[in-house]
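Every number in this text was worked out from the coordinates using simple rules, so none of it is lab data. On a predicted model such as this, the values are computed, not experimentally measured, just so you know. For neighbour counting, all protein chains shown are included, and Cβ atoms are generated from backbone atoms with ideal geometry for every residue, glycine included.
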Amino acid sequence: MAVTDSIRPDPAADSGASIVASDVVRGVSRLFARNDIWCLPEMMLRNGRRADLMGVDARGQVIIVEIKVSRADLLGDGKWTDYLEFCDRFYWALPPALDRAPLETEAFLPDACGVIVADSYDAEILRPAPLRQLAAARRKVEVERLARAALRRLVVSADPETQKWDRES
């Protein structure tokens with residue numbers, strides 16, 4: 001994946017209000033697809049948290065992306081560390097106009113998290129997420145859960161009547 005620092009926040013803009021989370025999801029999903037990483041939005045984790053995006057790369061590594069489109073949401077998120085035990089790599093994804101400076105503070109563990117900027121058309125990795133390798137058994141469980149969730153969504157979208165048999169709903 002390409003790493004760049006060519007996208008800089010607009011100092012006059014303190015929020016990504018013109019870009020909504022679904023725009024960031026689309027941009028990150030496009031970046032990931034080009035790099036053979038396939039993800040699902042809104043993936044429930046076994047600890048009850050919901051990852052904004054969760055995916056698997058060609059090596060079977062699990063990736064979680066937490067999306068923030070406003071400064072208040074970013075600074076007020078105290079639960080994000082709960083995601084780290086479910087992935088090999090963790091990224092923050094923000095719109096280009098949102099100030100990324102808080103992500104460089106120790107509270108956001110910059111040595112453990114990557115940073116992506118995205119809009120509705122594309123995304124760029126500004127800081128790669130370091131590999132924090134899951135135990136093989138945990139990875140297997142998470143990849144299987146992700147695969148089943150993807151298949152469930154695909155089947156229900158093709159035949160909404162099947163949702164009545166969905167034990168996960």
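Using R0 = 22 Å, the C-beta based FRET efficiency linking Ala33 and Glu85 works out to 0.25. Spacing of the modelled spin labels on Ala58 and Ala72, each 7 Å from Cα toward Cβ, amounts to 4.3 nm.
Which FRET efficiency value, to the nearest 0.05, do you get for Ala101 and Glu161 by plugging their Cβ-Cβ distance into 1/(1 + (r/R0)^6) with R0 = 35 Å? Please list the in-between numbers first.
Details: r = 49 Å, r/R0 = 1.41.
Here the calculated transfer efficiency is 0.10.
Relative to the dominant Cα principal axis of the chain, helix 136-158 is inclined by about 80°.
Could you please report the charge total around Phe108, scoring K, R as +1 and D, E as -1 over all other residues with beta-carbon less than 12 angstrom from its beta-carbon? Before the final figure, lay out each step's value.
Working: positive: Lys68, Arg100, Arg127; negative: Glu66, Asp77, Glu104, Glu106, Asp111.
So the surrounding residues net to -2.
The alpha-carbon atoms of the chain, seen along their principal axes, cover 51, 34, 30 angstrom, with the largest extent given first. Between Asp52, Asp73, Asp99, the GNM of the chain built on Cα springs shorter than 10 angstrom shows Asp73 fluctuating the most.
State, as an integer percentage, the relative contact order of the chain based on alpha-carbon contacts under 8 Å between residues 6 or more apart. Working shown, then result.
Working: 306 pairs, mean separation 45.0, N = 169.
Dividing the mean separation by the residue count of the chain yields 27 percent.
Please arrange Trp80, Trp38 by counting, for each residue, the other beta carbons lying within 10 Å of its beta carbon, fewest first.
Details: Trp80 18, Trp38 15.
Fewest to most other Cβ atoms nearby, the residues stand as Trp38, Trp80.
Within straight-line reach of Lys68, meaning a Cα separation under 21 Å, sit the following lysines at least 8 residues removed in sequence or on another chain: Lys79. Seen against the Cα atoms of the chain and their longest principal axis, helix 21-34 is set at about 80 degrees.
If you run the Gaussian network model on the chain, springs between alpha carbon atoms under 10 Å, then out of Ser18, Ser29, Ser157 the most flexible one is Ser157.
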